[in-house]
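The values are calculated or read from the model by the stated rules, or taken from the named source; none is laboratory data. All values derive from a computational prediction rather than experimental measurement. For neighbour counting, all protein chains shown are included, and Cβ atoms are generated from backbone atoms with ideal geometry for every residue, glycine included.
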Amino acid sequence: MNTNDSAATSYTTLRVDAVHEIEIKRSRFITYLYRVQTEAEARAHIAALRKTHFDARHHCSAFILGPDRMTQRSNDDGEPSGTAGLPMLEALAKRDTGSGTDLSDILAVTVRYFGGIKLGAGGLVRAYSDSVSQALAHASLCTVQRLRIFELSADHGWAARWENELRSAGYQLGDTHWGDAHAVLSIGINDEPAATEELHTFIATLTSGAGLLRAGHTTWLDS
């Protein structure tokens, strides 16, 4: 799926990868969190951890991908069915990010070193869920916003002033292209109807109706 075609225009993900460990009845649960965008990338991290923790009994995993969270996978890796991967996935899917957006583009891998005491099905569910939840509580998150890029042509004599006015109003500007006849300003806004309408109104006032905005591509940006 093309992420620019998604219904969601923002989501939450990891700012940086993280790791957190808890111990329950002498079993160690080490949870790694990675920011990923494809299944191949997620599976590469899982494979790498299998090599790093080759002496661990289990390497359970869960991941969610895409702004609309269309791809969701989990793996119990030898634990009783439904006691590891699914609780981990639910911990990711139900996480309150505090920003009103859902958590995505994230992989959790919990490496378990068995401590000799069996936890039972209920104990395993709680252990794997808590391991991921605690790792998320210690992780740094960020919101990813889809931006629509607009171009605005300007005479050389007006371009610098318009740039300053746009920056002062809080708009994100890309590189300005200076051509022989005129300059082209690049303006990024949240890809939402209200933000588009607001920009058109601002440009109409700034340029006394002479400025013509041209909608371009979209991109995703951390905020």
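Things to note:
- Qualifying position, being at negative phi, outside the structural domain of A44 (by TED's automatic domain parsing), part of a helix (DSSP H, G or I) and in contact with a Lys or Arg (Cβ under 8 Å, 6 or more places away or on another chain), among T201, T218, T205, T196: T196
- Unique residue being crowded, with 19+ Cβ neighbours inside 10 Å and either under 30 Å from E79 (Cβ atoms) or in contact with a Cys (Cβ under 6 Å, 6 or more places away or on another chain) (or both) when the list is Y113, Y128: Y128
- When the residues of segment 11-34 are filtered to those that are crowded, with 19+ Cβ neighbours inside 10 Å and closer than 19 Å to N75 by Cβ, the one that is nearest to the chain's Cα centre (by Cα) is Y34.
- Any hit, segment 65-77, residues being in the same structural domain as R15 (by TED's automatic domain parsing), free of Cβ contacts under 8 Å to residues at least 60 places away in the same chain and closer than 16 Å to A18 by Cα: no
- Residues within segment 52-78 that are surrounded by fewer than 16 Cβ atoms within 10 Å (Cβ to Cβ) and within 15 Å of L89 (Cα to Cα), tallied: 4
- Restricting segment 170-193 to residues that are touching a helix residue (DSSP H, G or I) at 6+ places or on another chain (Cβ under 8 Å) and assigned to a loop (DSSP other than H, G, I, E, B), the residue that is nearest to A154 (Cα to Cα) is H182.
- Filter result for E41 (at pLDDT 95 or above and over 16 Å from R112 (Cβ atoms)): yes
- Any pair with Cβ under 6 angstrom, 6 or more apart, that starts in segment 193-204 at a residue that is farther than 13 Å from I149 by Cα and ends at one that is surrounded by fewer than 16 Cβ atoms within 10 Å (Cβ to Cβ) and not basic (K, R): none
- Some residue of segment 38-51 being buried (at least 21 other Cβ atoms within 10 Å of the Cβ) and closer than 19 Å to P87 by Cβ: yes
- Members of segment 92-116 found to be of a type in the set (S, T, N, Q) and within 14 Å of the chain's Cα centre (by Cα), listed by number: T97, S99, T101, S104
Residue by residue, here is whether (1) out of contact with any strand residue (DSSP E or B) (no Cβ under 6 Å at 6 or more places or on another chain); (2) in contact (Cβ under 8 Å) with a residue 40 or more places away in the chain; (3) farther than 30 Å from A91 by Cα holds:
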{"residue": "R126", "(1), (2), (3)": "yes, no, no"}
{"residue": "V132", "(1), (2), (3)": "no, yes, no"}
{"residue": "T176", "(1), (2), (3)": "no, no, yes"}
{"residue": "L185", "(1), (2), (3)": "no, no, yes"}
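- Among (1) surrounded by 11 or more Cβ atoms within 10 Å (Cβ to Cβ); (2) at pLDDT below 95; (3) within 31 Å of the chain's Cα centre (by Cα); (4) not hydrophobic (A, V, I, L, M, F, W, C), the one test that T207 misses: (3)
- When each of A135, A183, A160 is tested for being surrounded by 18 or more Cβ atoms within 10 Å (Cβ to Cβ), among the small types (G, A, S) and not assigned by TED's automatic domain parsing to the domain that holds R112, the lone residue that passes is A183.
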